[in-house]
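Enquirer: Below is the structure I would like to discuss, written out as structure tokens.
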Amino acid sequence: MLILRLLVIDGNSLAHRAFHAIPLLSTSQGLVTNAVFGFTNMLFKVLDLLQPELAAVCFDKSRLTFRHAEYRDYKANRAATPDELRPQFPLIKEVLQAMRITILEYDGYEADDLIGALVTRAGEARLESIIVTGDQDALQLVSPLTKVLLTRKGITELEEYDEGRVWERFGVTPAQFADYKGLVGDKSDNIPGVPGIGPKTAAGMLKEFGSVEQLIARMDDLPARQQEKIRAYADQALLSKKLATIRRAAPFNLNLEECRRCEPDNIRLLALFSRLEFKSLIRVLRERMPEAGGNGQNNQATDQPGTELETYRVTWRYVRNADELSALVEICRRAGRAALALSGDRREGIAAAALAVKTAASAGSTEPVEPDIQVFFLPPGEHTLPVAALQALAAICRDETVAKLFHGAKNAFWLLTRHDLTLNNTAFDTMVAAYLLNPASPNLDLPDLALEHLNLVLPARGEAALAARADVILRLVDLLSEKIRQAGMERLYFEVELPLVGILAGMEMNGVAVDRERLSAMSRELADRIDGLAAEIHQLAGEEFNINSTRQLGHILFEKLQLPVVRKTKTGYSTDAAVLEELAPAHPVVARILEYRQLVKLKSTYVDGMAALIDAQTGRLHTTFHQTVTATGRLSSAEPNLQNIPIRMEEGRRIRQVFIPRRPGNLILSADYSQIELRVLAHMAGDVNLLEAFRQGQDIHTRTAAEVFGVTMAEVTADLRGRAKAVNFGIVYGISDFGLARDINVSRQEARQYIDNYFARYSGVKAYIDRTVQEAREKGYVTTILNRRRYLPDLFSHNRTVRSFGERTAMNTPIQGSAADIIKLAMVRIDREIKKSGLKAKMILQVHDELIFDVPEEEVEEMKALVKDGMENAIKLDVPLVVDMKLGPNWYEVKKI
């Protein structure tokens, strides 16, 4: 006989646990979503795990219940629901409604009581029930047909309780659990219990007497001390049991059939996840959805009322023979632009392609008609596109008169280059446009944009997916282009970001040559040093132990060596870098441990990590430059991350030795903007003293030291200059007196005086910062010199720490983002000039404010002039831009020229 299973979830418990287990998340518009995200993940997990036929989620409807009438202080110690959690409950219910899962709540009753009523009704119908909650009170509902899954470690783990597990854990039966609470109480619910009666004693009493009532009736059989407690608190014990007892009588008419699971409204869920920016959940949901595409089908609106989303079905034509391919080339030329969607592997090349074009409106019509979109599919051969299809694609791609439209054009450059195809007139990239419009959004994949801007759900895979991608790219271009125009970012998009796509693709494909032998030698050298440090650490500690084990290291430092405990975590002593740096003066072993960790990271992450990523065919590292990741507009890199090589320690700087020119006779040319962020600050703030310092070519840190410390520039020592440098860059990042004091090792009072002195001398900077933060509050965003936007929802947070972070971000983003704009402008100018001059030099890396070039020796002088001009004249500021040029046989040994 098939037994149906009912899943009942304690909605309030899971929401609270998710909120406290997951760091605050928010959408790019400032909507806090961590509880919704955690709750939904857990919901998916338990549904997949248990596959219940029936499901319901129960919520507390009001703070006051019938228990408050019996005991006014019930749950009096409970903190109010956090401001960031309260608005997430309606969102959680939206998720449940879209999943078509029954929601139960009832005035005056807690979720526990509704759960009790449900599982009691299910038991009467001989249904299995599983309760998911973080509240132990539910254990009283355990029976042969009912189990409880208690959340542990936030919401990531579940512990199953049947009758045997309840007895094993608490020493009572589920039927005695309310009695147990009546004796020991419950601090979280402010249930008093009997003072002095602990869990072990309570379990022993109930094992002998069965219930609180029997215990009171036979209290004369108790030992004297226990008898005294029960006699004094008998009424309190009975009240506590009553408060802890779940009411199983349903306060409403309930038909279990109403809890039967239905197919989720996936379209509604996708729209909701898109609005909440749950990228990972969107991906999971799309994988679960049935395919929504097929050739010969038309777009069909969903039958779900109240939504305008469409399940997207697109019609396409296969293009196979020579005549059809020639006709396709002509169609693209007549249309003047074509959207391309390519699939394939960067090593193998293009596997399949789809093109979408708009054809002319119906001839002779006097009414405006939306031009039709035609989609053409180039089906694959055995591994890649057939030769004839590649030839047609080549004709389209190299034709300057045909504007090519992509989503993720950088990948298209890679794929086309595998077939030696030239790509001219890359006119739009929907991914880059969407990034500019909302740089904090995690949802930049084409299906996300289709959902957000067009209310379309794309097929997940197959020919239908590729054809739909081409169609949607074409539909998005005009829409996103208009939004770019309205935001005043046309110059930024069309003159900087869009041309940069091809430049970055070229840099990735060129790669960076690596000296393998030197890299191997460096790995061996670091291994020897690490072993030597480990031996020294063991000697200083007086025993051997696993230095990489936080638990063992904590034991050595805080128990054996008795060093002061700085901070504890849930799992024991904290031994993170900040803690060790604070402890370093207390014992010589700590400094060795810090050095050991640094060298281990250098070896594993950079030296050995880079060695594993060297391309076997080219012998180079082909890092990936991410153009659409950072909120400030800066580029980032990955596999390997060449922008985070630690250069503050000599061992880290030496890693740059392995980056060499691609052939003998070439040199590495480095061009680094000098103090560009401070120059941008001077320009944007218009501060008289800052402007004067840069215009006169003064050392800005020496000038600041003179201003802040009240000495002449000739009297500024190296120490004073170093402190002034920390102040200069700290001001840019909104540093506090606490942060500055920590960085330069002075008291907070002294650090505060430095900051006050700075603002007194550079009053224009203070006015600029105040003005920028105020404007950010009014607009909700800040802008750079080229009008790049960053939205700042943190400015409106109820949490003071989060709000302060938003203010610091408002101060820094216009400066850091403008510096990013400028170096990108310079990259576009320099790339254009290199191509115009026919030089063989290659731009190979961009790291923060530095550009790296691989230059033939005979082109060095021309490249020096070209790069210097391209960077220093990328944009006109009120202060000069200055570039430091260096040249050498590798990135480490470059010398100033």
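The values are calculated or read from the model by the stated rules, or taken from the named source; none is laboratory data. Every value quoted in this text rests on a predicted model; they were computed, and no experiment measured them. When we count neighbours, we look across all protein chains shown, and the Cβ atoms used for this are built from the backbone with ideal geometry, even at glycine.
Enquirer: Please count how many residues of the stretch 237-291 are assigned by TED's automatic domain parsing to the domain that holds LEU215, surrounded by 14 or more Cβ atoms within 10 Å (Cβ to Cβ) and among the small types (Gly, Ala, Ser).
Expert: The qualifying residues number 4.
Enquirer: Moving on to the next point. I'd like the residue in the stretch 345-370 that is of a type outside the set (Val, Ile, Thr) and at pLDDT 90 or above and, out of all such residues, is surrounded by the most Cβ atoms within 10 Å (Cβ to Cβ).
Expert: Filtering the stretch 345-370 for residues that are of a type outside the set (Val, Ile, Thr) and at pLDDT 90 or above, the one surrounded by the most Cβ atoms within 10 Å (Cβ to Cβ) comes out as LEU355.
Enquirer: On the basis of being part of a helix (DSSP H, G or I), in the same structural domain as ILE92 (by TED's automatic domain parsing) and touching a residue at least 12 places away in the same chain (Cβ under 8 Å), does LEU24 make the cut?
Expert: Considered against the rule, which asks whether it is part of a helix (DSSP H, G or I), in the same structural domain as ILE92 (by TED's automatic domain parsing) and touching a residue at least 12 places away in the same chain (Cβ under 8 Å), LEU24 comes out as no.
Enquirer: Related question: When you scan the stretch 227-283, how many residues do you find that are touching a Gly at 6+ places or on another chain (Cβ under 9 Å) and β-branched (Val, Ile, Thr)?
Expert: The qualifying residues number 2.
Enquirer: Considering the stretch 119-134 alone, what residues qualify as being assigned to a loop (DSSP other than H, G, I, E, B) and farther than 11 Å from LEU150 by Cβ? Even if it seems obvious, please write down each step before you answer.
Expert: Here is the first cut: in the stretch 119-134, the ones assigned to a loop (DSSP other than H, G, I, E, B) are 125-127, 134.
Across the stretch 119-134, the qualifying residues are ALA125, ARG126, LEU127.
Enquirer: Then there's this: Would you point out which residue out of THR618, THR628, THR623 is surrounded by 19 or more Cβ atoms within 10 Å (Cβ to Cβ), touching a residue at least 24 places away in the same chain (Cβ under 8 Å) and out of contact with any strand residue (DSSP E or B) (no Cβ under 7 Å at 6 or more places or on another chain)?
Expert: Just a single option satisfies the conditions, and that option is THR628.
Enquirer: Please determine whether any residue of the stretch 150-165 is over 30 Å from LEU6 (Cβ atoms), surrounded by fewer than 16 Cβ atoms within 10 Å (Cβ to Cβ) and in contact with a helix residue (DSSP H, G or I) (Cβ under 7 Å, 6 or more places away or on another chain). Walk me through how you get there before you give the answer.
Expert: Taking the stretch 150-165 first, the residues over 30 Å from LEU6 (Cβ atoms) are none.
No, the stretch 150-165 contains no residue that is over 30 Å from LEU6 (Cβ atoms), surrounded by fewer than 16 Cβ atoms within 10 Å (Cβ to Cβ) and in contact with a helix residue (DSSP H, G or I) (Cβ under 7 Å, 6 or more places away or on another chain).
Enquirer: Continuing with the same structure: From the residues in the stretch 742-795 that are farther than 29 Å from ASP821 by Cα and of a type in the set (Gly, Ala, Ser), which one is nearest to the chain's Cα centre (by Cα)?
Expert: ALA751
Enquirer: Ok, one more. Can you pull out every residue in the stretch 163-198 that is more than 25 Å from PRO144 (Cβ to Cβ), part of a helix (DSSP H, G or I) and within 43 Å of the chain's Cα centre (by Cα)? Full working, then the answer.
Expert: If we filter the stretch 163-198 for residues that are more than 25 Å from PRO144 (Cβ to Cβ), which is where we start, we get 183-198.
Keeping just the survivors that are part of a helix (DSSP H, G or I) gives 183-184, 187-189.
Passing the criteria: LYS187, SER188, ASP189.
Enquirer: Continuing with the same structure: Given (1) assigned to a helix (DSSP H, G or I); (2) surrounded by 15 or more Cβ atoms within 10 Å (Cβ to Cβ); (3) small (Gly, Ala, Ser), where does SER604 come up short, assuming only one miss?
Expert: (2)
Enquirer: Please state which of the following conditions LEU281 fails to meet, knowing it meets all the rest: (1) part of a loop (DSSP other than H, G, I, E, B); (2) modelled with pLDDT of 85 or more.
Expert: With respect to (1) part of a loop (DSSP other than H, G, I, E, B); (2) modelled with pLDDT of 85 or more, LEU281 is out only on (1).
Enquirer: Looking only at residues in the stretch 537-552 that are of a type outside the set (A, V, I, L, M) and more than 17 Å from ASP576 (Cα to Cα), which one is surrounded by the fewest Cβ atoms within 10 Å (Cβ to Cβ)?
Expert: It comes out as GLU543.
Enquirer: If you don't mind, there's one more thing I want to ask. Mind listing whichever residues of the stretch 122-148 are of a type in the set (S, T, N, Q), closer than 18 Å to GLN176 by Cβ and crowded, with 20+ Cβ neighbours inside 10 Å?
Expert: Result: GLN140, THR146.
Enquirer: Identify, by number, the condition in (1) surrounded by fewer than 17 Cβ atoms within 10 Å (Cβ to Cβ); (2) at pLDDT 90 or above; (3) under 29 Å from ALA434 (Cβ atoms) that GLY609 doesn't meet.
Expert: (3)
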